[in-house]
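Below is one structure, written out as structure tokens; the observations come after it.
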Amino acid sequence: MAAPQKQLQGDGHHIAGEGTCLISIVLYLLILERSAIFLDSMYEDFHATDRWTGQRLHCIYQALIVAIATRHADAIDIKFLASGRPVWIALPHPTWVEYKERTGRVITDPLAIQIAGHFLKTAIESGTYEHGREMYTLTVDESLGHLNAVLKEVGAPQDALMKTA
């Protein structure tokens, strides 16, 4: 016996009944990979107050560039404007490999932007931000630490977080 047909509104296509539709949704979510973590843009456009000067800085994400092409470096460079001044955050490529090996998940471009933005906001608020300095290069461990902080903020599943010793 065939499953009842149900018409989707407005497009004229038919799909099988409710049960098959649910199966299709589940299969679609599995295809997305378990590495897909959906993020708000917390650190693409934010404000932070400098610990030492009390100055409120407006930080805006501007670009993501593979640094092999520009600086011959093994990193991804992410550019922000901090109250109009360019600030580059370099995340080393081995961060992607380490995260994939330890969790089975991938760092997407939007997640990399959030990692760099979290670093920048933390640097400004903790007093390690140097006005006028244009480049900050993070270590793999620093990058993974900021990655964990971002994932905790968005309530990512426990298997997405890096385990610490």
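Among residues that are of a type in the set (A, V, I, L, M, F, W, C) and touching a Pro at 6+ places or on another chain (Cβ under 9 Å), I65 is not included. For beta carbons closer than 6 Å, sequence separation of 6+ or different chains, a first residue in region 126-144 that is in contact (Cβ under 8 Å) with a residue 40 or more places away in the chain and a second that is of a type in the set (D, E), the qualifying pairs are V140/E98. The set of residues in region 64-100 being in contact with a helix residue (DSSP H, G or I) (Cβ under 9 Å, 6 or more places away or on another chain) and either in a loop (DSSP other than H, G, I, E, B) or hydroxyl-bearing (S, T, Y) (or both) consists of A73, D74, H93, T95, Y99.
Scanning region 122-135 for residues being in a helix (DSSP H, G or I) and surrounded by fewer than 21 Cβ atoms within 10 Å (Cβ to Cβ) gives a total of 4. If the condition is being closer than 14 Å to L120 by Cα and more than 12 Å from the chain's Cα centre (by Cα), then region 141-159 contributes E142, G145. Of all residues in region 45-69, those being at pLDDT below 90 and either surrounded by 11 or more Cβ atoms within 10 Å (Cβ to Cβ) or not assigned by TED's automatic domain parsing to the domain that holds G127 (or both) number 3. State yes or no: is K100 surrounded by fewer than 19 Cβ atoms within 10 Å (Cβ to Cβ), in the same structural domain as A156 (by TED's automatic domain parsing) and either under 16 Å from the mean Cα position of the chain (by Cα) or closer than 23 Å to M162 by Cβ (or both)? In short, yes.
The values are calculated or read from the model by the stated rules, or taken from the named source; none is laboratory data. Since this is a predicted model, take the numbers as computed values, not measurements. Note that each Cβ is placed from the backbone with ideal geometry, even for glycine, and that neighbours are counted across all protein chains shown.
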